[in-house]
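Enquirer: Below is one structure. I have some questions about it.
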């Protein structure tokens, strides 16, 4: 760093808050604007103020985009033996990596919050948070359904089909950004997409609310290369067994009921 720069830094340290604000405005006029500022023809402070005053659902969307940007900048370049694969279109995954043998699709989600706090569900057990695994955009599309008429001619009726759920196979790995609970945008937890819980009535669809462990385990890892190894191995697992958890909860409730029905033991004579 040059002597002139050091002298300027010393001078800046002596400025009052109002003088610093004036200096900041002057410096911004000398520095190139961010491409988004140019595109929207507005300064970054106004953009940030607009986000700050927006509803929680809007801020969650922005935070999700930030999580994707962090993954692209901090994680993607570090994966050994794999390279980013470009793709186009609105697809059910956010990133794709590949090597000479295969490609892997990665879906990225931000840990779910509620009222600004990390969302938990006691049913999933301790040391777990929640991630919401469904497409950001809501909506339905029309799908054709053939029906037979009285004259045996086939007519096409139209019924709505939900488009938000993910199907198994839409992505291979899910990366969950854990910033809401850790305060660290570079902290991710990973698991294999096929290990997620299926929906109770539609096994081909992925359940929306999934438990995500805050700690490393044999189901979740904070090392993406380890998760890639899990996926490539083809091993089968389930991150949470709902039926087993329900049976355990029911057994605990029945045990408590039975304990309450027991007559009080008489106190021993002294």
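The values are calculated or read from the model by the stated rules, or taken from the named source; none is laboratory data. None of these values were measured; they are calculated from a predicted model. Virtual Cβ from ideal backbone geometry, glycine too; neighbours counted across all protein chains shown.
Enquirer: So which of 90, 184, 100 ends up being closer than 24 Å to residue 218 by Cα, at pLDDT 90 or above and part of a loop (DSSP other than H, G, I, E, B)?
Expert: 184
Enquirer: On to the next question. What residue, of 97, 104, 57, is farther than 30 Å from residue 245 by Cα and surrounded by fewer than 16 Cβ atoms within 10 Å (Cβ to Cβ)?
Expert: 57
Enquirer: In the stretch 103-124, how many residues are modelled with pLDDT of 90 or more, assigned to a loop (DSSP other than H, G, I, E, B) and more than 17 Å from residue 173 (Cα to Cα)?
Expert: Number of matching residues: 4.
Enquirer: Taking the stretch 94-114 on its own, how many of its residues are closer than 20 Å to residue 185 by Cα and either in contact (Cβ under 8 Å) with a residue 12 or more places away in the chain or touching a strand residue (DSSP E or B) at 6+ places or on another chain (Cβ under 8 Å) (or both)?
Expert: The total comes to 10.
Enquirer: Any chance the stretch 192-204 includes a residue that's closer than 23 Å to residue 63 by Cβ and either surrounded by 12 or more Cβ atoms within 10 Å (Cβ to Cβ) or modelled with pLDDT of 85 or more (or both)?
Expert: yes
Enquirer: In addition: Restricting attention to the stretch 27-47, report how many residues are surrounded by 10 or more Cβ atoms within 10 Å (Cβ to Cβ) and in a helix (DSSP H, G or I).
Expert: Total satisfying the criteria: 9.
Enquirer: Can you find a residue that is touching a strand residue (DSSP E or B) at 6+ places or on another chain (Cβ under 6 Å) and either under 26 Å from residue 164 (Cβ atoms) or touching a residue at least 24 places away in the same chain (Cβ under 8 Å) (or both) anywhere in the stretch 51-64?
Expert: yes
Enquirer: Could you grab the pairs with beta carbons closer than 9 Å, sequence gap of 6+ or different chains, first residue in the stretch 25-49 and more than 21 Å from residue 12 (Cα to Cα), second one exposed (fewer than 10 other Cβ atoms within 10 Å of the Cβ)?
Expert: Pairs that qualify, where the first residue is more than 21 Å from residue 12 (Cα to Cα) and the partner is exposed (fewer than 10 other Cβ atoms within 10 Å of the Cβ), are 38/32.
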